[in-house]
């Protein structure tokens, strides 16, 4: 059973923020599969079972707030008899520019508190991840204030496009594995498309 975990903060005040990329990507996947993510499972909400590329999967949204995301997973693992090797995590990444994403098999948290929490609780950094770039080409000021701010009109279209591709990257990871997915997605730079318009 695959667990597709989107990271974000619960509540309507956070829905349109940069930090909620992970939630938006998995919510989009749920809509595509005709399911809702609303079953309570410990400190997370989960979807009905879906099939992604022929594989059973469940969409997971921790409800612990970003910095404590890992605390939501033990109950989910127990319910679905899953482990870190069955996880794909989708989240925002300030280390990547807006319009880019990175598919990775493992790695450090890179300053992302949600990932730090996951690594701490799982005892491993070896889980699949789709990192969605949110660093704009304009000054951001305070990092915390920026990630918790609403996505600006100027960034919205590019981020929407990147989130769509991130959902495809999740499917590719499940269908094709890490090597093919890295080759297919890690070179994408949507800023180049924007420049040619």
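The values are calculated or read from the model by the stated rules, or taken from the named source; none is laboratory data. All values derive from a computational prediction rather than experimental measurement. Heads up, the Cβs are rebuilt from the backbone with ideal geometry, glycines too, and the neighbour counts pull from every protein chain shown.
List of remarks:
- Some residue of the stretch 157-167 being under 26 Å from residue 3 (Cβ atoms) and modelled with pLDDT under 95: no
- Residues satisfying the stated conditions in the stretch 13-31, i.e. part of a helix (DSSP H, G or I), within 18 Å of residue 67 (Cα to Cα), out of contact with any strand residue (DSSP E or B) (no Cβ under 6 Å at 6 or more places or on another chain) and free of Cβ contacts under 8 Å to residues at least 40 places away in the same chain: 13
- Only a single item in (1) out of contact with any helix residue (DSSP H, G or I) (no Cβ under 9 Å at 6 or more places or on another chain); (2) touching a residue at least 12 places away in the same chain (Cβ under 8 Å); (3) within 24 Å of residue 188 (Cβ to Cβ) is not met by residue 143, and it is number (3).
- Selection from the stretch 29-49 of residues that are surrounded by fewer than 16 Cβ atoms within 10 Å (Cβ to Cβ) and touching a helix residue (DSSP H, G or I) at 6+ places or on another chain (Cβ under 7 Å): 36
- Here residue 83 meets each of (1) at pLDDT 95 or above; (2) within 16 Å of residue 129 (Cβ to Cβ); (3) in contact with a helix residue (DSSP H, G or I) (Cβ under 8 Å, 6 or more places away or on another chain); (4) surrounded by fewer than 22 Cβ atoms within 10 Å (Cβ to Cβ) with one exception, condition (1).
- Among (1) out of contact with any strand residue (DSSP E or B) (no Cβ under 7 Å at 6 or more places or on another chain); (2) at pLDDT 95 or above - the single one residue 123 does not satisfy: (2)
- Some residue of the stretch 87-105 being touching a strand residue (DSSP E or B) at 6+ places or on another chain (Cβ under 7 Å), farther than 30 Å from residue 140 by Cβ and modelled with pLDDT of 95 or more: no
- Residue that is nearest to residue 121 (Cα to Cα) [pool: residues in the stretch 73-83 that are over 15 Å from the mean Cα position of the chain (by Cα) and not in a loop (DSSP other than H, G, I, E, B)]: 74
- Restricting attention to the stretch 122-149, the residues that are exposed (fewer than 14 other Cβ atoms within 10 Å of the Cβ) and over 25 Å from residue 56 (Cα atoms) add up to 8.
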